[in-house]
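The values are calculated or read from the model by the stated rules, or taken from the named source; none is laboratory data. Everything numeric in this text was worked out from a predicted model, so none of it was measured. All Cβ positions, glycine included, derive from the backbone under ideal geometry; neighbour counts span all protein chains shown. Note: areas computed on protein heavy atoms with side chains; ligands, DNA, RNA excluded. Shrake-Rupley method; radii C 1.70, N 1.55, O 1.52, S 1.80 Å.
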Amino acid sequence: MIDDNEHDVLFTELAFQDTADACTLHVAVTGDAGLAFLRDARHARPAAVLLDLHMPGMDGFTFLHHLREDPHLRSLPVFVMTSCTADQNRPRIRQLDADAFLVKPVEPRLVFDLLRPAP
């Protein structure tokens, strides 16, 4: 999860703790820190990235652009988190190849469903 809002992070952490599915949620509070984490070979590749768009420094748009240019990370699923169901940023994010839009607070079941292969 890449999000600088401590309340959104806390709500997401609590939601994932309440699921029966075993998972680990790693949190980065800036886009730079998120890219550094993903590029660090000491960390296992995550199943997906939950990405906030509006952060200081490297925003979610720039993060997604860098991720999609990296040959080792470009196939990683990215779920953009937004607080608005009618987000005007959707066309721009689609151009950067986001895999899904999730409305905050993030519902873990939806994330798990998105990660399951289609039958």
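The table for this structure:
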read-out: LEU110 being in contact (Cβ under 8 Å) with a residue 12 or more places away in the chain and of a type in the set (A, V, I, L, M, F, W, C); value: no
read-out: Odd one out for PHE16 among (1) touching a helix residue (DSSP H, G or I) at 6+ places or on another chain (Cβ under 6 Å); (2) more than 20 Å from ARG109 (Cβ to Cβ); value: (2)
read-out: Qualifying residues in the stretch 1-21 (those that are assigned to a loop (DSSP other than H, G, I, E, B) and open to solvent by 40 Å² or more (accessible area, probe 1.4 Å)) - the one farthest from THR62 (Cα to Cα); value: ALA20
read-out: From the options THR24, THR82, THR30, residue that is surrounded by fewer than 16 Cβ atoms within 10 Å (Cβ to Cβ) and of a type in the set (S, T, N, Q); value: THR24
read-out: Residue in the stretch 36-57 that is more than 11 Å from the chain's Cα centre (by Cα), surrounded by 16 or more Cβ atoms within 10 Å (Cβ to Cβ) and assigned to a loop (DSSP other than H, G, I, E, B) present; value: yes
read-out: Selection count where residues are at pLDDT below 85 and either open to solvent by 90 Å² or more (accessible area, probe 1.4 Å) or of a type in the set (Gly, Ala, Ser) (or both), scope the stretch 98-119; value: 7
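For every residue, the table says whether it meets (1) of a type in the set (Lys, Arg); (2) closer than 19 Å to LEU114 by Cα; (3) touching a residue at least 12 places away in the same chain (Cβ under 8 Å).
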| site | (1), (2), (3) |
| --- | --- |
| PHE16 | no, yes, yes |
| THR24 | no, yes, no |
| MET55 | no, no, yes |
| ASP59 | no, no, yes |
| THR62 | no, no, yes |
| VAL80 | no, yes, yes |
